[in-house]
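Remarks on the structure that follows.
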Amino acid sequence: MLVSAKEMLTKAREGKYAVGQFNINNLEWTKAILLTAQELSSPVILGVSEGAGKYMGGYKTVVGMVNGLLEELNITVPVALHLDHGSYEGAKKCILAGFSSIMFDGSHYPIEENVQKTTELVNACNILGLSLEAEVGSIGGEEDGVVGMGECADPAECKMIADLGVTMLAAGIGNIHGKYPANWPGLSFETLAAVKEKVGDMPLVLHGGTGIPADMIKKAISLGVAKINVNTECQLAFAEATRKYIEAGKDQQGKGFDPRKLLAPGFEAIRATVKEKMELFGSVGKA
Ligand code: 13P
């Protein structure tokens, strides 16, 4: 059964580790992440962007697929199904479709409008027992065609949004989605510490988990980060493994590639990436 991310993140914050959010795009990615979480006895969050939700056939299809896998693969570790960077409309659709966790990315609205829309969603999520993530200070890079500037969040705005009763807060601290440029100055731990000081015990979320050096990840966790999002690294691993398989030309004589065999190396590559991240984040054995 899907669970809200609240309890797993509270435990992570108290135990000084982070739960990984791994984005899903299809059945293979979902199965790879769930089986790895089960094998390592780690809680996990499946992230679904609006684009990925549409690609997979719609939010209800995603909920049906994930619930089916939880039951038929005997997944017993805590799993949250989380809308990633949801619009206001997308958030409402996912609440109705059966997601257990929602991110409302209101960072591009003026703060007053972000507050008003977040308040409405806090109320809806509270009634249904869902967790809600809010964002302050947009995360840089490009995701699903949305390009952020990689700001550092204003700690006072973070407090304003945290006080609305969200479960977790994504505060921009110079992190960006996708690969980090060579001249990236690193995470702003000054901003992170100032945000933490204002929001107290609220679990903080680090987006753009791909390519952040291990020592920075560990320091971020020590300063209150309890959820770390990873997408690009899975994508790179999946693409590279699939490319190698195709180049090796192991197709079935006269029938092209067996679709299950074609995606198997990518599936294994995602498992390996997720395992490495869970070990780095310290969530292994914490289910
Ligand atoms: P990366 O693609 O950089 O790992 O970021 C993922 C993310 O933050 C999803 O919200």
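When restricted to residues that are in a loop (DSSP other than H, G, I, E, B) and either within 16 Å of the ligand (Cβ to nearest atom) or surrounded by 24 or more Cβ atoms within 10 Å (Cβ to Cβ) (or both), segment 183-204 contains 5. Of all residues in segment 34-75, those satisfying the criterion of being surrounded by fewer than 18 Cβ atoms within 10 Å (Cβ to Cβ), more than 16 Å from the ligand (Cβ to nearest atom) and among the hydroxyl-bearing types (S, T, Y) are S41, T61. Residues of segment 152-176 that are among the charged types (D, E, K, R) and in contact with a Lys or Arg (Cβ under 8 Å, 6 or more places away or on another chain): K159 alone.
Give me the residue from segment 211-233 that is within 9 Å of the ligand (Cβ to nearest atom) and out of contact with any strand residue (DSSP E or B) (no Cβ under 6 Å at 6 or more places or on another chain) and, out of that set, least open to solvent (accessible area, probe 1.4 Å).
I212
Among the residues of segment 105-116, is there at least one that is open to solvent by 10 Å² or more (accessible area, probe 1.4 Å) and closer than 30 Å to K31 by Cβ? Scanning segment 105-116, I find at least one residue that is open to solvent by 10 Å² or more (accessible area, probe 1.4 Å) and closer than 30 Å to K31 by Cβ, so the answer is yes.
Is it true that K179 is farther than 30 Å from T119 by Cα and either open to solvent by 50 Å² or more (accessible area, probe 1.4 Å) or in contact with a Lys or Arg (Cβ under 7 Å, 6 or more places away or on another chain) (or both)? So K179 passes the test. Going through (1) more than 14 Å from A134 (Cα to Cα); (2) open to solvent by 40 Å² or more (accessible area, probe 1.4 Å); (3) not hydroxyl-bearing (S, T, Y) one by one, L164 falls short only on (1). Taken over segment 254-271, the criterion of being open to solvent by 60 Å² or more (accessible area, probe 1.4 Å) and over 11 Å from E28 (Cβ atoms) is satisfied by G254, K255, F257, K261. Against the list (1) free of Cβ contacts under 8 Å to residues at least 40 places away in the same chain; (2) touching a Ser or Thr at 6+ places or on another chain (Cβ under 8 Å); (3) among the small types (G, A, S); (4) over 21 Å from A171 (Cα atoms), the condition S100 fails is (1). On inspection, T242 does not qualify as within 16 Å of the ligand (Cβ to nearest atom) and surrounded by 13 or more Cβ atoms within 10 Å (Cβ to Cβ).
Do we have D251 as more than 16 Å from the ligand (Cβ to nearest atom), surrounded by 14 or more Cβ atoms within 10 Å (Cβ to Cβ) and among the acidic types (D, E) here? Considered against the rule, which asks whether it is more than 16 Å from the ligand (Cβ to nearest atom), surrounded by 14 or more Cβ atoms within 10 Å (Cβ to Cβ) and among the acidic types (D, E), D251 comes out as yes. Scanning segment 23-33 for residues that are closer than 23 Å to K261 by Cβ and open to solvent by less than 20 Å² (accessible area, probe 1.4 Å) gives I24, W29, T30, A32, I33.
When the strands (runs of 3 or more DSSP E) confined to segment 8-121 are screened for residues that are within 19 Å of L164 (Cα to Cα), those reaching at least 1 such residues are found at 79-86, 101-104. All conditions in (1) within 16 Å of the ligand (Cβ to nearest atom); (2) touching a residue at least 60 places away in the same chain (Cβ under 8 Å); (3) surrounded by 23 or more Cβ atoms within 10 Å (Cβ to Cβ) hold for A12, with the sole exception of (1). The residues in segment 131-176 that are at pLDDT 90 or above and not in a strand (DSSP E or B) can be counted, and the count is 18. Before we move on, is P78 modelled with pLDDT under 95 and either more than 14 Å from the ligand (Cβ to nearest atom) or open to solvent by 30 Å² or more (accessible area, probe 1.4 Å) (or both)? For P78, the condition - modelled with pLDDT under 95 and either more than 14 Å from the ligand (Cβ to nearest atom) or open to solvent by 30 Å² or more (accessible area, probe 1.4 Å) (or both) - is not met.
The values are calculated or read from the model by the stated rules, or taken from the named source; none is laboratory data. Model, not experiment: these values are computed from the prediction. Counting neighbours? That spans all protein chains shown, and the Cβs are built from the backbone with ideal geometry, glycine included. The protein model used for the area step is the full one, side chains on, heavy atoms only, and it has no ligands, DNA or RNA in it. Shrake-Rupley method; radii C 1.70, N 1.55, O 1.52, S 1.80 Å.
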